[in-house]
Amino acid sequence: MIKMAQETLLEIDLPALKSNFEYLRSKIKPSTKFMAVVKAYAYGSDASQIAGYLEKLDVDYFAVAYTEEGIALRKAGITKPILVLHPLPVHFKEIITYKLEPSLYSFKTLNDFLKAAENEKQYPVHLKFNSGLNRLGFKKQDADKIITLLNNSESVSVTSVFSHLMASEDSNEKDFTLQQINIFKEISIKLIDKLKNKPLLHILNTSGILNYADIAQFDMVRSGIGLYGFGNDEKYNPFLKPVVSLKSVISQIHEIEKGESVGYNRGFVAKSSMRTATVPLGHADGIGRQYGQGKSFLTVHGQKCPIVGNVCMDMLMIDVTNVACEEGDEILVFGQNPTASEFASWAGTISYELISAISQRVKREIIF
């Protein structure tokens, strides 16, 4: 049941999540495994709720960025395998304690984990290769040395080998994406041929699933942003539903005379008499200063109202001169219209940054 907001809250629509998962799942073979990426509080929503729901939908794997995120999921009762994409050696013992699975992306991480897991037997690890993103990952030429190290160890077993596409959403970069896929194929062939066990292979992210599933779905795919309703391409928007909606409420309305200013540093000066509404939402909640100065709009009773002046830490002000509204009325920041992608674009950023930045002090409300 959806209620009118009486405070700032982030609504999390689980039926929309299910719809997105089923759409993305329809793009791959039934035998291909599906990894749900729930890092950064499940892209700013609620990782425990999202993962718990997806576990019931029978996803095969979860992925988080850091060890602490994986521990939180285990404490919330998640039992499916959890890949830690960017583990730090200082946390390797905790990874083992909580039965998390590390991505090993350098010889330091590989050697450090072999030492941490010396009393383990066939502990599952994942090998990350750099195919062009140049962020994390072994190089192609590292394969032989990796094989030697791993085949001489009984402590670990390679569960998967993976890489990450750089521009799978950009049709202008198709040649580069195909080059990445081919590099990954070459690496995979060598590893599969020489490792003691056959690992899962995966390279496709959300845009990869949507654009390259016919040639590169391998054994598993990964989706993060697509699960939350964004496909990075207008043609896919009708098939994906935003999972989160940010709403707030009007705290106070002011009558502003010509020449009066609004907000810190006199960020806005009225050119004529007007009405402003103060909203309990600010940059401490994830709506940064870049959204102020008339660049972005909040929606009041279906009408777009520009943010006036500078966004404060805990509040912002909007122009409601032409809207029949009163204190206590609901405000829509983003959801179905505008979407987080559209709202973010007004300030020159992207949906990922906007939704993942929503502060944990914003109340979450689950819609079943």
### Task
Please tell me if residue 361 is assigned to a loop (DSSP other than H, G, I, E, B) and touching an Asp or Glu at 6+ places or on another chain (Cβ under 8 Å).
yes
### Task
Might you check whether a residue that is within 30 Å of residue 206 (Cβ to Cβ), outside the structural domain of residue 24 (by TED's automatic domain parsing) and not aliphatic (A, V, I, L, M) occurs anywhere in the stretch 308-315?
no
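So, restricting to strands (runs of 3 or more DSSP E) that lie completely within the stretch 178-255, which ones have at least 1 residues that are outside the structural domain of residue 19 (by TED's automatic domain parsing)? Lay out the reasoning, then the answer.
Working: elements: 200-202, 220-223, 244-249.
Ranges flagged: 244-249.
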### Query
Of the residues 285, 314, 319, which is buried (at least 17 other Cβ atoms within 10 Å of the Cβ), among the acidic types (Asp, Glu), over 19 Å from the mean Cα position of the chain (by Cα) and closer than 21 Å to residue 262 by Cα?
319
### Message
Among the residues that make up the stretch 64-78, is at least one of them assigned by TED's automatic domain parsing to the domain that holds residue 196, surrounded by 21 or more Cβ atoms within 10 Å (Cβ to Cβ) and under 24 Å from residue 185 (Cβ atoms)?
### Response
no
### Query
Within the stretch 121-144, restricting attention to residues that are more than 22 Å from residue 180 (Cβ to Cβ) and in contact with a strand residue (DSSP E or B) (Cβ under 7 Å, 6 or more places away or on another chain), which residue is surrounded by the fewest Cβ atoms within 10 Å (Cβ to Cβ)?
122
### Query
Given (1) farther than 28 Å from residue 224 by Cβ; (2) in contact (Cβ under 8 Å) with a residue 24 or more places away in the chain; (3) not β-branched (Val, Ile, Thr), where does residue 259 come up short, assuming only one miss?
(2)
### Query
Yes or no: residue 83 under 16 Å from residue 65 (Cα atoms) and touching a residue at least 12 places away in the same chain (Cβ under 8 Å)?
yes
### Query
Counting just the residues of the stretch 288-311 that are in contact with an Asp or Glu (Cβ under 7 Å, 6 or more places away or on another chain) and in contact (Cβ under 8 Å) with a residue 40 or more places away in the chain, which one comes out surrounded by the most Cβ atoms within 10 Å (Cβ to Cβ)?
308
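The values are calculated or read from the model by the stated rules, or taken from the named source; none is laboratory data. Predicted model, so just to flag it, every value in this text is computed and none were measured. When we count neighbours, we look across all protein chains shown, and the Cβ atoms used for this are built from the backbone with ideal geometry, even at glycine.
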